[in-house]
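Read the structure below first, then the notes.
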Amino acid sequence: MAFSKQEVIEIYRRRAGWYDVSANLYYLIGFREAAYRKKAVAALRLQPGETVVELGCGTGLNFSYLQEAIGPTGRIVGVDLTDQMLKAAQGRVLRNGWSNVELVCADASLYEFPQRVDGVLSTFALTLLPDYDAVIRRGSNALSQGGRFVILDFRKPENTPEWLLKLMLLITKPFGVTLDLAERHPWESVARYFSASEMREHFMGFVYVARGEAA
Ligand SMILES: C[S@@+](CC[C@H](N)C(=O)[O-])C[C@H]1O[C@@H](n2cnc3c(N)ncnc32)[C@H](O)[C@@H]1O
């Protein structure tokens, strides 16, 4: 059964201190985490000076890629449920001397988007939200014309061998992933709420980047 909101907070409070290191361990199985992040940020097609909201930003592992795209005149709003993950993100912001990042401790399901948003990003987070569909709908409404919504996340590919599925579950369980999350299909919500959408699969179909553009 999927973890409750409070359980998710507890999981990520425990993980926050070593989240960045543990995320890198996935390289051992050929999971090219940084490459997928770069693809997701590239799919946002951000321009210098633009505003991007990242839902479930965690420790801010995408921030450097976002900064490269928006430059010092742009703005990043990082939203996350877990205080300790945001504390790590705050450390990253201070270490890098970024003055254009705002961190918000909030449930993305209840978060009210700011005015004038050009891009919304969520990586390895949206599937954890039971009401991801409503979040994507509200994101599509918040985006200005031509705004982009991009999701990078895990999914269960069709016809996955049982052993491979079990292995994937084992290695993602420490991050709150359970088998019933496979029933959640955020990429379908992107296709539903955006006039133009696309999805690309990676890592044997276990990872996808979905992109929607607001009309
Ligand atoms: C696997 S981590 C991903 C963090 C980051 N996006 C990354 O790619 O490294 C999932 C993050 O989603 C956050 N999260 C889970 N449920 C959330 C919710 N309802 N609202 C906001 N953040 C949430 C967790 O606190 C955690 O930081």
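No lab work stands behind these numbers, since they all come straight from the coordinates. As the structure is a computational prediction, the values presented were derived from the model and not from experiment. Note: ideal-geometry Cβ built from the backbone for every residue, glycine included; neighbour counts use all protein chains shown.
How would you classify the stretch 135-215 from its alpha-carbon gyration tensor, with a ≥ b ≥ c the square roots of the eigenvalues: rounded for a/c under 1.5, else prolate if a/b is greater than b/c, otherwise oblate? Prolate shape, in that a/c is at least 1.5 and a/b is the bigger ratio. Rounded, prolate or oblate: which one fits the stretch 35-86, using the alpha carbon gyration tensor with axes a ≥ b ≥ c (rounded when a/c is under 1.5, else prolate when a/b beats b/c, else oblate)? Cα axes put the stretch 35-86 in the oblate bin.
Antiparallel beta bridges, as assigned by DSSP with both residues in the chain, represent about 40 percent of the total such bridges.
A full extension of the chain between THR73 and ALA106 corresponds to an added length of 9.4 nm, given 0.36 nm per residue minus the alpha carbon distance.
In loop segments of the stretch 3-84 as defined by DSSP, the trypsin sites (Lys or Arg not before Pro) with at most 14 further C-beta atoms inside 10 Å of their C-beta are ARG32. Its Kirkwood hydrodynamic radius, worked out from the mean inverse distance over all distinct Cα pairs, puts the chain at 17.3 Å. Listing ILE70, ILE136, ILE11 from fewest to most neighbouring C-beta atoms within 10 Å gives ILE11, ILE70, ILE136.
Helices in the chain, meaning DSSP H runs of at least 4 residues, each add -39500 (n - 2.57). Divided by all residues, the mean residue ellipticity at 222 nm is -11500 deg cm²/dmol. Each Cα pair under 8 Å and six or more residues apart adds its separation to the average, and for the chain the resulting relative contact order is 22 percent. Note on ARG137 and LEU167: the extension gain reaches 7.5 nm, defined as 0.36 nm multiplied by sequence separation minus the Cα-Cα distance.
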